[in-house]
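As structure tokens, the structure follows; a few thoughts come after it.
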Amino acid sequence: MTLCRKILVTGFSPFGGEQINPAWEAVKRLPDRIAGAELVKLEIPTSFSRCGPAVEAAVEAHRPDAILCVGQAGGRACISVERVTINLAEARIPDNDGDQPVDEPIQADGPDAYFSTLPVKAMAQNVRARGIPCQISYSAGTFVCNCVMYQALHLAARRYPTLRAGFIHVPYLHEQAVDKPAGTPSMELPTLVQALESAVEAIANDPADIHESMGIVC
């Protein structure tokens, strides 16, 4: 497996009444090159029906070696590198098109789940090395974040077998937490940018993941 030379990094538009989305705010501030890899940065709609086609169009246009999608996970306290996406769309709130699916498959003929094909453990380790809290997550939820992760991996599985893909969730920014309940987790924007830069560096440099236990004890 060769090193990544071009990486598509996406971030969502604001949703759920928020004025900003920390995912896109961080993604657009990333440098244009990391560890020798060219970055293609793209804002995608928080829409079940439009997020997948937006990523597909970018893949067709730019032919990246890897896709890293980034989304907001309000309430999470650290960077979450997602390992699994499930074939289920179920929304507690409507997306930006007013769509609110319940018990619907993302792809009717798709498998129940996909595992990230990015080096998730190396990504988490690299973020932690910068002193930033980060963990492997085993649930990307069932909202549009999970949808775009599933769509990206489904696209790769069906049409681009060498394309790797995965997802990272980031917490609220500090300014988003001002009107949230006391204790709502948040991070500074420069910290989010640094975390994503570290994750992308691992993608560019570590085509094979590290073999180290990072599971969750319940």
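The values are calculated or read from the model by the stated rules, or taken from the named source; none is laboratory data. Since we're looking at a predicted model, the values are computed, not measured. Note: ideal-geometry Cβ built from the backbone for every residue, glycine included; neighbour counts use all protein chains shown. Note: accessible area is taken over every heavy atom of the protein model, side chains too, but ligands, DNA and RNA are not part of it. Shrake-Rupley method; radii C 1.70, N 1.55, O 1.52, S 1.80 Å.
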Would you please list the contacts, defined by Cβ atoms under 8 Å and residues six or more apart or on different chains, that run from a residue in region 99-123 that is on the phi > 0 side of the Ramachandran plot to a residue that is surrounded by fewer than 19 Cβ atoms within 10 Å (Cβ to Cβ)? ASP103/LEU88; ASP103/GLU90
LEU118 being within 19 Å of ILE7 (Cβ to Cβ) and assigned to a strand (DSSP E or B): no
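Out of region 177-218, which residues are more than 30 Å from GLY17 (Cα to Cα), crowded, with 19+ Cβ neighbours inside 10 Å and not small (Gly, Ala, Ser)?
Filtering region 177-218 down to residues more than 30 Å from GLY17 (Cα to Cα) leaves 201-218.
Next, only the ones that are crowded, with 19+ Cβ neighbours inside 10 Å stay: 201-204, 206.
Once the filter is applied, which keeps residues that are more than 30 Å from GLY17 (Cα to Cα), crowded, with 19+ Cβ neighbours inside 10 Å and not small (Gly, Ala, Ser), region 177-218 yields GLU201, ILE203, ASP206.
On the given criteria, is VAL200 within 18 Å of GLU25 (Cα to Cα) and within 17 Å of the chain's Cα centre (by Cα)?
Values: within 18 Å of GLU25 (Cα to Cα): yes; within 17 Å of the chain's Cα centre (by Cα): yes.
So VAL200 fits the description; yes.
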Close pairs (7 angstrom Cβ cut-off, 6 or more residues apart or separate chains): in contact (Cβ under 8 Å) with a residue 40 or more places away in the chain and basic (Lys, Arg) in region 28-49, surrounded by fewer than 21 Cβ atoms within 10 Å (Cβ to Cβ) and in a loop (DSSP other than H, G, I, E, B) anywhere: none
Subset of region 64-80, residues open to solvent by 10 Å² or more (accessible area, probe 1.4 Å) and outside any loop (DSSP other than H, G, I, E, B), comes to GLN72
Single condition PRO53 does not satisfy, out of (1) closer than 16 Å to CYS145 by Cα; (2) crowded, with 22+ Cβ neighbours inside 10 Å: (2)
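Output the residues belonging to region 105-137 that are of a type in the set (S, T, N, Q), touching a helix residue (DSSP H, G or I) at 6+ places or on another chain (Cβ under 6 Å) and crowded, with 19+ Cβ neighbours inside 10 Å.
So in region 105-137, the residues of a type in the set (S, T, N, Q) come out as 107, 116-117, 125-126, 135, 137.
Checking which are touching a helix residue (DSSP H, G or I) at 6+ places or on another chain (Cβ under 6 Å) leaves us with 107, 126.
Residue satisfying the conditions is ASN126 alone.
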Against the definition (more than 18 Å from the chain's Cα centre (by Cα) and within 27 Å of THR117 (Cα to Cα)), how does HIS211 come out, yes or no? yes
Does region 29-46 contain any residue that is farther than 21 Å from LEU192 by Cα and modelled with pLDDT of 95 or more? no
Within the set of pairs 6+ apart or on separate chains, which have a first residue in region 1-21 that is farther than 19 Å from ALA54 by Cβ and open to solvent by less than 40 Å² (accessible area, probe 1.4 Å), a second that is modelled with pLDDT of 95 or more and β-branched (Val, Ile, Thr), and C-beta atoms under 7 Å apart? CYS4/ILE203
Looking at TYR160, is it surrounded by fewer than 24 Cβ atoms within 10 Å (Cβ to Cβ) and among the aromatic types (Phe, Trp, Tyr)? yes
Out of all the residues in region 41-55, which are over 15 Å from the mean Cα position of the chain (by Cα) and part of a helix (DSSP H, G or I)? PRO53
